[in-house]
Each structure stands twice: as C-alpha cells, then as structure tokens.
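Notes for the one structure printed next.
The values are calculated or read from the model by the stated rules, or taken from the named source; none is laboratory data. Owing to the predicted nature of the structure, the values given are computational and were not obtained by experimental measurement. Every residue, glycine as well, gets a Cβ built from its backbone with ideal geometry; the counts of neighbours run over all protein chains shown. Please note that ligands, DNA and RNA were not included when accessible areas were found on the heavy atoms of the full protein model with its side chains. Shrake-Rupley method; radii C 1.70, N 1.55, O 1.52, S 1.80 Å.
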Amino acid sequence: MKLRFFLIEMLITFVGILIIVVASTNIYYQNSLSNCEDTLSVYVNQYDMNTYSFDSDGAIALSEKLDSARVTYITLEGVVVGDSEVSDLSSFDNHLDRAEVVDAIESGVGIDVRESTSIGKVLIYYCAQVDTASGTALLRIAIPTSSALNIFSKAIPTIIIFLAFDTLACAIIAFLLVDHVLKPVELIAHDASIGKEVKSKYSELAPLCDILNSRNIEIKDKINTIKENKKIASIVLDNMEHGIIILGPNKKIALINNMAKDLLDVYDTLDEVFFFKQDDEISEIISEKNNTLVYRTFDEEVYAFRFSFMEGKSICLITNVTEIINAQKSKNDFIANVTHEMNTPLTSIKGFAELVSSGVMDKEKVVHASEVILEQSNRLTQLIKSIINYSSYESNDLPSYDVNLSNIIQSSISSLEPAASERGIVITSDIVENAIIKSRTERVQEVITNLIVNAIKYNKEKGMINITLHNEGVLRILEVKDTGIGIAEENKDKIFDRFFTVDKSHNKATSGFGLGLAVVKKICAQANWKIEVESTLGEGSLFRIIFK
Ligand code: ADP
C-alpha cells in the first residue's frame with residue numbers, strides 16, 4: 001500500500017515537473033529569442049553606410065561596435081561580400097537558401113536560429129535590407145544564443161536534484177499519508193476482529209463501521225445459535241438412553257456420548273475406543289464397513305451394537321436390550337407354562353372321553369369318567385379365566401382416581417368370610433377408616449382378594465386370619481396374617497413368579513395355577529407399592545403391602 005502510494009505520488013510529481021520544465025524552457029527560450037531580436041534590431045540601426053564600408057573590413061569595424069556580434073554583408077543575389085569572423089569569403093556558398101535571407105529579401109527583415117555551418121555555434125541571425133554605396137543589400141547580424149534543447153539540457157541537473165528531493169518528500173508523504181489513512185482502518189479492523197463495537201471519528205468510515213458492526217452482530221447471533229444448538233445436541237446425546245459413537249475415517253473418536261463412555265470405559269483423553277480394538281469381530285466390522293448388529297454383555301446386561309457407515313464415518317448405536325430379551329424370554333416361558341398347565345386337564349379329558357366313546361365301560365365307570373371330564377373342563381375354564389385376568393393387568397393405561405381402601409378391605413372380608421367359615425377359620429380385623437389411595441377399585445380388590453383367598457386356602461382347619469390397615473405418615477400399611485402352612489425360606493421369592501406353586505399336584509381340581517400372587521406383584525409394581533412377606537413354615541405367613 002505504501003509503495004503504491006509512493007509510486008503514484010512519484011509519477012504525478014514527475015509528470016508535473018516535466019510539464020513545468022518543458023513549459024518554462026519554452027517560455028524562457030521564446031523570451032530570450034525576443035530579447036535577442038530586440039538587441040539585433042538595435043544593432044542593425046547602428047549601421048551607417050558612410051561609416052562602415054560594405055566589405056569584410058567594414059563588417060569587422062561594425063562588429064567591434066556591436067560587442068563582437070558577427071556581421072555579414074550579403075548581396076541581394078545571396079553572395080557574401082564581407083564577414084567579421086571569416087576572412088576567406090570564397091568559403092561561403094550562396095546564401096539565398098538561408099531562411100533569414102529569403103525573408104529579408106521578401107519582407108525587408110528575416111530572423112532564424114540555427115547552428116552556423118561556418119563557425120559551428122548556435123546563432124540567432126537577424127537580416128535586414130540596408131542601403132549601401134552600390135545600392136540595396138543585406139546586413140546580417142548574428143549573436144550566439146541557446147537552442148530550446150540546450151536550455152532544457154542545462155536544466156537537467158536541477159531537475160535531477162529536484163527529483164531527488166521530490167522522491168524523499170514523496171516517500172515521507174506516502175508514509176505519513178498511508179499511516180494516517182490506514183491507522184483508523186487498522187483500528188477498526190482490530191476492534192471488529194475482537195467483536196468490539198466499531199467507531200471512527202472520520203465520517204467517511206461510518207458506513208464501513210456500520211457494515212462491520214451489523215456483520216459482527218450477525219456473527220455473534222450465529223455463534224450463539226450454534227453454541228445453543230450444540231448445547232442442546234450434547235444435552236440430548238448425553239441424556240439419551242442409547243449410546244452413540246461416531247468414528248472418523250482413521251477410527252478416531254469424532255463423537256461419543258456419556259452412556260457410551262461409561263459403558264466402554266472411554267476417557268476424555270482417549271481418541272480411540274479400546275473395546276472396539278480388542279474385539280476382533282467389531283474390529284473387522286469397522287474395517288470392512290459392514291452394516292451389522294452385534295450383541296455384547298456387560299454386568300449381566302445385554303447391549304446391541306448397531307454399526308452403520310456413511311460419508312467415511314462409522315456410526316455405532318448402543319442399545320440396552322436386556323429388557324427386550326427378558327420380555328421375549330418371559331413371553332416364551334409364559335407360553336410354555338400355559339401349554340403345560342393346559343396339557344394336564346386336556347390329557348385327562350381326552351383319555352376319559354376316549355374310554356366313554358369306546359363303549360366298553362360299565363355305567364358306573366361312565367358316570368365317574370363324566371365327572372372327571374366335567375371337573376377337568378372346569379379347571380381348564382378356570383385356567384383360561386386366570387390367564388385372561390393376568391393378561392388384563394399387562395398395561396396400566398387407565399386413569400387412577402381416589403379409592404377408599406378401608407371400604408374395599410371391609411367388603412372383601414365380608415364376601416370371603418363364608419368361605420373361611422367353611423373351614424372353621426376366623427377372620428379378625430383392625431382397619432383404619434377412610435384410608436384413601438390413588439388407584440382403581442378393581443386393582444385394589446384384586447390384590448386384597450388374592451391375599452385373603454390365599455390366607456384361607458393355605459391355612460389350617462380352624463385357623464386364624466388377622467387383617468390390619470394403619471397409617472404411617474403418608475403411607476397406608478395393610479397386613480394379612482394367617483396361621484397357615486407357611487412358606488419355606490427358599491420359596492419366599494418364587495411365590496410371586498407366574499405359575500409357581502409349592503404344591504405341584506396340579507391335577508387336583510382345587511389347587512391353584514400360581515397366577516394370584518403374580519397378579520398382585522404386577523399391580524403393586526405398576527402402582528409403586530411395596531410388598532413384603534414374612535413366614536415361618538408350619539406356623540403361618542404375613543403379607544404386607546405398603547401403599548404410597
Ligand atoms: P395359587 O394360590 O393359585 O397357587 P398364588 O400365586 O396365589 O397361586 O400363590 C403361589 C404359591 O404361593 C401358592 O401355590 C402357595 O404355595 C404359596 N402361598 C401363597 N399364599 C400363601 C400363604 N398365605 N401361605 C402359604 N403359602 C402361600
């Protein structure tokens with residue numbers, strides 16, 4: 001920038017100087033010519049035909065009078081008849097071709113400037129008609145002068161000196177000017193680059209400041225938006241239940257979220273996933289870019305690693321599939337259990353039906369067979385009802401409302417008392433009044449009925465059942481205590497499993513299917529109620545539910 005300014009400045013001043021020098025040379029030249037002409041016209045008037053003879057002697061005499069100006073006498077025919085500086089007149093050629101001579105013959109006076117061929121100097125010739133003793137002739141007086149070129153060449157050293165000063169001056173001015181012009185621009189650029197509001201005392205720079213300020217605001221807004229988006233993205237990534245890892249083309253980590261970090265023990269300092277490196281199958285998947293799904297187990301939890309590849313990047317999505325696998329397993333177990341439970345009564349029904357249809361049985365046996373078929377059919381019906389009931393609690397999407405727990409317990413006791421009496425069992429109760437919980441009546445009924453039915457079913461003849469409901473702070477605590485057969489320690493956890501029964505003789509029409517407590521467990525889990533069991537084999541059991 002400075003050099004550019006300097007060169008432009010130099011060019012302008014150089015051209016300016018040149019024009020001035022040429023113009024002033026011309027003026028000076030014209031001026032000196034006109035001075036010479038005036039001098040020479042005065043000189044011509046000094047001639048007097050009586051004083052100065054019209055030959056070389058007369059020319060020399062006149063020349064002395066005219067400060068040694070060269071004097072030449074020429075006839076109207078162009079013949080030189082006298083000259084103050086050249087004595088050998090034969091050396092002169094005819095002067096009719098000289099411009100001043102031609103003009104003098106035509107108009108009386110002629111002037112010319114040129115280098116003299118005879119004396120080798122630049123002369124200004126002034127030629128005029130004069131009277132001589134032998135008639136009209138031409139008197140030519142010449143004095144040395146400078147040509148325009150001479151004048152110009154004389155000015156060259158001055159021009160050079162001037163140019164040297166000019167160069168220095170231009171350099172200083174360029175430096176100061178550029179510095180002066182650029183300083184505010186540099187200041188603006190600096191302020192803009194650090195995001196400061198840009199101002200300038202120069203009104204010419206105001207539009208630039210406005211543009212930079214509005215650009216800076218736009219950039220700030222965009223950066224804020226990007227930061228915000230990045231923050232949201234990292235919040236989403238770090239809080240999602242899936243793990244995500246993106247590897248660059250060099251297998252280095254481009255992105256990893258917290259779940260994946262925690263699962264695979266990846267530290268912020270690491271740029272590679274060590275687990276991927278040491279797992280041959282996964283290494284191969286990444287190297288060969290196979291869109292594949294593999295499963296790996298960590299702390300008894302099963303994770304699916306789904307690999308996909310795009311734009312040179314490897315993307316790995318990690319999902320905990322333990323629940324899905326368990327659910328699938330549970331579903332398979334359930335189907336197997338249902339099939340097994342149905343198999344017993346169906347085999348019995350089929351066997352007796354075949355016997356009856358064969359016609360070989362006597363009447364008494366046919367009656368017995370028919371009773372077994374009826375009994376097993378009822379059991380089958382009961383099993384299907386239990387399964388449907390169990391399945392109906394699969395989802396919990398119906399709304400909850402205020403349920404009077406005390407009333408439901410009281411009415412359950414009332415409806416089950418006859419069944420207890422049949423076995424001589426006495427039910428006592430101590431129920432706090434109007435205990436309200438958020439649930440649904442049929443769910444609460446299901447839980448309480450199951451517990452009381454079991455307390456009757458697994459009680460001893462003439463046993464006792466004690467049912468209490470009391471408050472502990474915000475909690476409502478229900479206890480169903482019986483004096484029954486009790487539960488062995490090793491079965492305490494299993495009794496809540498589907499189809500688990502301590503008594504395996506499922507062929508008994510009265511024995512349960514092991515779905516009652518499974519339903520209780522499911523309802524409690526969905527409502528976040530806690531269920532506890534205390535039991536001593538042969539002495540009795542206590543089932544406690546803590547309603548929250
Ligand atoms: P079911 O009664 O239909 O067999 P449950 O799921 O209600 O199924 O009970 C599972 C098992 O738990 C029962 O078979 C029984 O062995 C045991 N059990 C449940 N309640 C009691 C109780 N109050 N006393 C002793 N054993 C019980």
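Annotations for the structure displayed:
- Highest to lowest packing among 174-182, 379-387, 224-232, scored as the average C-beta count within 10 Å: 379-387, 174-182, 224-232
- Extreme residue, positive dipole direction of the chain, given options Leu264, Phe175, Val109 (C-beta unit charges): Leu264
- Dividing the Cα radius of gyration of segment 461-500 by 2.2 N^0.38 Å, with N the residue count, gives 1.55.
- Using only alpha-carbon positions in segment 228-312, the gyration tensor eigenvalues give semi-axes of 20, 16, 13 Å once each is multiplied by 5 and square-rooted (largest first).
- Segment 299-323 and segment 368-413 have their alpha-carbon centroids 42 Å apart.
- Rounded to whole Å, sorted largest first: equivalent-ellipsoid semi-axes of segment 1-105, Cα gyration tensor: 47, 16, 12
- Peptide ranges 471-481, 134-144 listed from the most packed, as the mean C-beta count within 10 angstrom indicates: 134-144, 471-481
- Förster radius 60 Å - calculated FRET efficiency between Ile325 and Leu187, Cβ distance, rounded to 0.05: 0.35
- Net length gained if the chain between Asn434 and Asn94 were fully extended (0.36 nm per residue, minus Cα distance): 106.7 nm
- Calculated P(r) of segment 258-302 - Cα pairs past 18 Å, %: 36
- Over the chain, accessible surface divided per residue gives 59 Å², non-protein components excluded, 1.4 Å probe.
- Rough spin-label spacing in nm, given labels placed 7 Å along Cα→Cβ, for Asn50 and Ser415: 17.7
- Cα centroid of segment 258-274 to Cα centroid of segment 120-171, whole Å: 97
- Taking 17 Å as the cut-off, the amide N atoms of segment 366-406 that come nearer than this to a point 7 Å along the Cα-to-beta-carbon line of Thr347 belong to 373, 376-377, 379-380.
- Comparing Cα centroids, segment 182-200 and segment 11-54 end up 61 angstrom apart.
- A Cβ-based charge dipole, computed about the Cα centre of the chain with Lys and Arg at +1 and Asp and Glu at -1, lands at about 4060 debye.
- Structural size metrics of the chain, computed from C-alpha coordinates, are Rg and Dmax of 65.1, 201 Å.
- FRET E, pair Asn491, His340, Förster distance 25 Å, beta-carbon r, rounded to 0.05: 0.85
- FRET E, pair Lys154, Ala206, Förster distance 51 Å, beta-carbon r, rounded to 0.05: 0.45
- Extension gain (nm, one decimal) between Thr441 and Lys289, 0.36 nm per residue minus Cα-Cα: 49.1 nm
- Length-normalised contact order for the chain - Cα pairs under 8 Å, 6+ apart - percent: 7
- Dipole moment magnitude, nearest 20 debye, segment 1-150 about Cα centre, only Lys, Arg, Asp, Glu C-beta charged: 960
- Value of relative contact order over segment 109-149, rounded to a whole percent, pairs C-alpha under 8 Å and six or more apart: 36
- Spacing of the modelled spin labels on Asp503 and Asn239, each 7 Å from Cα toward Cβ, amounts to 5.4 nm.
- With contributions of -39500 (n - 2.57) from each DSSP H run of at least four residues, the per-residue ellipticity at 222 nm computed over the chain stands at -17500 deg cm²/dmol.
- Total charge dipole magnitude, segment 416-507, about the Cα centre, Cβ charges on Lys, Arg, Asp, Glu only, Debye to nearest 20: 200
- Computed across segment 359-454, the Kirkwood hydrodynamic radius from all distinct Cα-Cα pairs reaches 16.8 Å.
- In the chain, a dipole from Cβ-located charges (positive for Lys and Arg, negative for Asp and Glu) runs towards its positive end, and of Ser429, Val22, Cys127 it is Ser429 whose Cα lies farthest in that direction.
- The listed peptides 358-366, 461-469, ordered by packing as a protection proxy, come out as 461-469, 358-366 (highest mean of other Cβ atoms within 10 Å first).
- Taking amide H as placed 1.01 Å from N in the peptide plane, Glu272 has its amide H under 5 Å from the amide H of Ile253, each at least 5 places away in sequence or on another chain.
- What the Kirkwood sum gives for segment 259-394 is a hydrodynamic radius of 20.2 Å, with every pair of different alpha carbons counted.
- Among the listed pairs Lys331/Lys521; Lys457/Lys548; Lys365/Lys385; Lys201/Lys222; Lys231/Lys252; Lys438/Lys530, those beyond 19 Å (Cα-Cα): Lys457/Lys548; Lys365/Lys385; Lys201/Lys222; Lys231/Lys252
- The value of relative contact order for segment 267-392, using C-alpha pairs under 8 Å at least six residues apart, is 13 percent.
- Full extension of the chain between Lys121 and Ile388 yields a length gain of 82.1 nm, computed as 0.36 nm times the residue separation minus the alpha carbon distance.
- Of all aspartates and glutamates in the structure, the ones whose alpha carbon falls short of 19 Å from that of Lys196, not counting any fewer than 8 places away in one chain, are Glu186, Asp210, Glu218, Asp221.
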